[in-house]
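Just so it is clear, none of the values below were taken in a lab; they were calculated from the coordinates. Please read all numbers here as calculations on a predicted model, not as lab measurements. Every residue, glycine as well, gets a Cβ built from its backbone with ideal geometry; the counts of neighbours run over all protein chains shown.
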Amino acid sequence: MITMNNLEKVEKKMSDHFSISVPSKPEYVNVIRLTASAIASRMEFDIEEIEDIKVAIAEACTNAIEHGLCYNNNNFQIDFLVDHEKLVIEVIDQGYGFKSSEVQEPDLTNPKEGGLGIFIIKSLMDEVEIISDLGKGTIMKMIKYLGDDI
């Protein structure tokens, strides 16, 4: 027999998943920032965490647009997984990809224009995983946990 208490437990374990296919144009990055902000606000992240999520997703989208073969009318995809303890965001492009194992930390003592996106994303999100290989596109998976920082 399902009681109200059991139903609440089941609902808390469930998660919502949705995807957005985004035109590969810089003018749509703000749409994704606003979408992520609305989701994070609904999940009750605080304002600082919401700002971190917005910056991280903008950096990931910018990378997808710049490096994901996107200017030839291809879209890239954003997947959101929302559950009671975390927000998982995946930015997926069909570009050339790269050897993610060869990404180096930037030299902050000698900064240069560009090349800080992944570093910024990793500093703002709780977990970041990059799945990419030459010729296969890239998936950037970012996780932000609710509650205390990890």
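Highest-first packing order for the peptide set 51-59, 119-127 is 51-59, 119-127, based on the mean count of other beta carbon atoms within 10 Å. Ordered by the number of other Cβ atoms lying within 10 Å of each residue's own Cβ, fewest first, Glu49, Glu90 fall into the sequence Glu90, Glu49. For the residue pairs Lys54/Lys144; Lys25/Lys144; Lys25/Lys122; Lys54/Lys136, alpha carbon separations beyond 19 Å are given by Lys25/Lys144; Lys25/Lys122; Lys54/Lys136.
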